[in-house]
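Asks: My questions will all concern the structure given below.
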Amino acid sequence: MMGIIVLFGILFYGGLTWIASADSHAAGIEGLKFFGDGRVRMETASQTTAADEEQDRERFRYRLRLGLTYKASDIVEFGARLASNGDVNSPHINFGGGFDRDSIAIDKTYVKASYMGGFAWFGKNEVPFWEQNEYYWDADINPEGLAVGYTVKDLGPVSLTLQGGYFNHTEKSWETGTPEDDTTVTMYQAVVKGGIDPVDAILAYGAASFDDGNSTTSCDAAAADCTYTLTSVQVKVKSIPGIGLTLGYDMLSSDASANDSGSVISAQIDYNKFKFVLRLPDIEGNAGPGRAGLSQDDWPSYKTDFKGTEINIGYKIAGNMDVDFKWFDGEDKDSGVAVNTIKEQSLTQVNFNVKF
């Protein structure tokens, strides 16, 4: 079975490389560029539900995304991307869909302006939010709205980035009877980057604030009208010859009255073509946007209110192709917040990834 996966990965990589050779000059439009990525995944998982039922699952999945950017000038850019159509926060498709043709969806479409260290975009695009893992926000979720940001680089050994956005989560459309406001998300963040050899560091503070229209639901009971904050510290040490060491710490919190904090401790070692990552998440039920179903979707399957161990080993096969092995084992914190239906879970993944 592994041989079939390897063969499929090689053919997949060759096909995408051939597509990538059709550059902007071949298209005859100056400033037009194509890009994309693909993944083939093998996954096994086992879990124990709240009813003490043991469940196992094995599946093969794939992800395919194709996009373009058109730079009309030094300032204005248009971008778009199509993706295999899984769900709101995962473009992965399961093998074995009855030989049906899989669907695709619009993953990005935006107009962006960049000028003198600043940017602004309108449309559907990735969030303007730096994070060192996806336990706070799933990178596959591209909201619809507008975003702005500005970076100041002339601050000695450091740079400062201020960024944020206003996104429409649910459009109420026509109002009848009692008017209701849209459900919106406001994000903002400050990121400081800098360092003195042999250490580089990043310090970031940001938040996602949810406004659920006229909802009277409390933050403790649901995701309505809550603000989730993320404070991150990342330190990269370059003093060990041939080895890159990166240490990180994330602190999650919300404005709920209880079970409102969490943390992720991480360590990464880069050696030649190998990458070794260890992460230790410990997140209470009301601590992160996962309460609203918007955190990382399948690694782990918990929304919030869990703790566990994640190990990731990656190997770069070529400049734009790699393979990684991921293992996670976790359990529900059982803090009294009704979030999970899973008490314990272990999950293993093997991913073949290619970009062009």
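Okay, residues lined up against (1) within 14 Å of ALA292 (Cβ to Cβ); (2) in contact (Cβ under 8 Å) with a residue 60 or more places away in the chain:
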residue	(1), (2)
ALA201	no, no
ASP212	yes, no
ILE240	no, no
GLY248	no, yes
ALA256	yes, no
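Asks: Please determine, by comparing only the residues of the range 277-326 that are hydroxyl-bearing (Ser, Thr, Tyr) and part of a loop (DSSP other than H, G, I, E, B), which one is modelled with the highest pLDDT. Show your work before the answer.
Replies: Looking only at the range 277-326, we keep the residues that are hydroxyl-bearing (Ser, Thr, Tyr), and these are 295, 301-302, 304, 309, 315.
Next cut, part of a loop (DSSP other than H, G, I, E, B) only: 295, 301-302, 304.
Details: SER295: 65, SER301: 78, TYR302: 80, THR304: 87.
The qualifying residue modelled with the highest pLDDT is THR304.
Asks: Would you confirm whether any residue within the range 273-280 is within 30 Å of MET42 (Cβ to Cβ), touching a His at 6+ places or on another chain (Cβ under 9 Å) and crowded, with 16+ Cβ neighbours inside 10 Å? Show your work before the answer.
Replies: Initially, the range 273-280 is screened for residues within 30 Å of MET42 (Cβ to Cβ), giving 273-280.
Then drop every residue that is not touching a His at 6+ places or on another chain (Cβ under 9 Å), which leaves none.
Scanning the range 273-280 turns up no residue that is within 30 Å of MET42 (Cβ to Cβ), touching a His at 6+ places or on another chain (Cβ under 9 Å) and crowded, with 16+ Cβ neighbours inside 10 Å.
Asks: Can you tell me which condition ARG81 does not meet? The list is (1) surrounded by 15 or more Cβ atoms within 10 Å (Cβ to Cβ); (2) within 19 Å of MET187 (Cβ to Cβ), and all the others hold.
Replies: (2)
Asks: Let me confirm something: among ILE283, ILE313, which residue is hydrophobic (A, V, I, L, M, F, W, C), in contact (Cβ under 8 Å) with a residue 12 or more places away in the chain, surrounded by fewer than 21 Cβ atoms within 10 Å (Cβ to Cβ) and within 27 Å of ASN351 (Cβ to Cβ)? Don't jump to the end; show me each part of the working.
Replies: On the way: ILE283 fails: surrounded by fewer than 21 Cβ atoms within 10 Å (Cβ to Cβ).
Step by step, each of ILE283, ILE313 is checked, and only ILE313 is hydrophobic (A, V, I, L, M, F, W, C), in contact (Cβ under 8 Å) with a residue 12 or more places away in the chain, surrounded by fewer than 21 Cβ atoms within 10 Å (Cβ to Cβ) and within 27 Å of ASN351 (Cβ to Cβ).
Asks: Let me ask another. Only one of GLY195, GLY248 is touching a Lys or Arg at 6+ places or on another chain (Cβ under 9 Å), in a strand (DSSP E or B) and modelled with pLDDT under 90; which? Step through it out loud before you land on a result.
Replies: Details: GLY248 fails: modelled with pLDDT under 90.
None of the others qualify; the one that does is GLY195.
Asks: Still on this structure, I have one more. What are the residue pairs meeting all of these: first residue in the range 128-145, first residue closer than 21 Å to VAL111 by Cα, second residue of a type in the set (A, V, I, L, M) and assigned to a loop (DSSP other than H, G, I, E, B), Cβ atoms under 7 Å, and 6 or more apart or on different chains?
Replies: Cβ pairs passing all conditions: ILE141/VAL88; ILE141/LEU294; PRO143/VAL127.
Asks: Separate question: Does SER114 satisfy the condition of being among the hydroxyl-bearing types (Ser, Thr, Tyr), surrounded by fewer than 16 Cβ atoms within 10 Å (Cβ to Cβ) and either closer than 30 Å to VAL191 by Cα or touching a Ser or Thr at 6+ places or on another chain (Cβ under 7 Å) (or both)? If you could, list the steps in order and put the result at the bottom.
Replies: Working: among the hydroxyl-bearing types (Ser, Thr, Tyr): yes; surrounded by fewer than 16 Cβ atoms within 10 Å (Cβ to Cβ): yes; either closer than 30 Å to VAL191 by Cα or touching a Ser or Thr at 6+ places or on another chain (Cβ under 7 Å) (or both): yes.
Answer is yes for this residue.
Asks: Consider THR348 against the criteria (1) among the hydroxyl-bearing types (Ser, Thr, Tyr); (2) assigned to a strand (DSSP E or B); (3) under 18 Å from GLU131 (Cα atoms): it satisfies all of them except one. Which criterion is unmet?
Replies: Tallying (1) among the hydroxyl-bearing types (Ser, Thr, Tyr); (2) assigned to a strand (DSSP E or B); (3) under 18 Å from GLU131 (Cα atoms), THR348 fails exactly one: (3).
Asks: Same structure, new question: So for the range 99-110 (the condition being of a type outside the set (A, V, I, L, M, F, W, C), touching a strand residue (DSSP E or B) at 6+ places or on another chain (Cβ under 9 Å), surrounded by fewer than 16 Cβ atoms within 10 Å (Cβ to Cβ) and not in a strand (DSSP E or B)), does at least one residue qualify?
Replies: To start, the set of residues in the range 99-110 that are of a type outside the set (A, V, I, L, M, F, W, C) comprises 100-103, 107-110.
Adding the requirement that they be touching a strand residue (DSSP E or B) at 6+ places or on another chain (Cβ under 9 Å) leaves 102-103, 107-110.
In the following step, the residues that additionally are surrounded by fewer than 16 Cβ atoms within 10 Å (Cβ to Cβ) were identified as 102-103.
Next, only the ones that are not in a strand (DSSP E or B) stay: 102-103.
Yes, the range 99-110 contains a residue that is of a type outside the set (A, V, I, L, M, F, W, C), touching a strand residue (DSSP E or B) at 6+ places or on another chain (Cβ under 9 Å), surrounded by fewer than 16 Cβ atoms within 10 Å (Cβ to Cβ) and not in a strand (DSSP E or B).
Asks: Oh, and also: Where the second residue is of a type in the set (D, E, K, R) and at pLDDT 85 or above and the first is in a helix (DSSP H, G or I) and lies in the range 16-42, which pairs have Cβ atoms under 9 Å and are six or more apart or on separate chains?
Replies: Every condition considered, the pairs that remain are LEU16/ASP37; LEU16/LYS355; SER24/GLU30; SER24/LYS33.
Asks: Scan TYR70, TYR62 and give me the residue that is among the hydroxyl-bearing types (Ser, Thr, Tyr), over 29 Å from GLU344 (Cβ atoms) and modelled with pLDDT of 85 or more. Let's see the steps before the verdict.
Replies: Numbers: TYR62 fails: over 29 Å from GLU344 (Cβ atoms).
None of the others qualify; the one that does is TYR70.
Asks: OK, next. What pairs come out if I take residues in the range 328-343 that are at positive phi and surrounded by 15 or more Cβ atoms within 10 Å (Cβ to Cβ) and pair them with residues that are assigned to a loop (DSSP other than H, G, I, E, B) and at pLDDT 80 or above whose C-beta lies under 7 Å away, six or more apart or interchain?
Replies: none
The values are calculated or read from the model by the stated rules, or taken from the named source; none is laboratory data. Just so it is clear, the structure is predicted and the values come from calculations on it, not from any experiment. For neighbour counting, all protein chains shown are included, and Cβ atoms are generated from backbone atoms with ideal geometry for every residue, glycine included.
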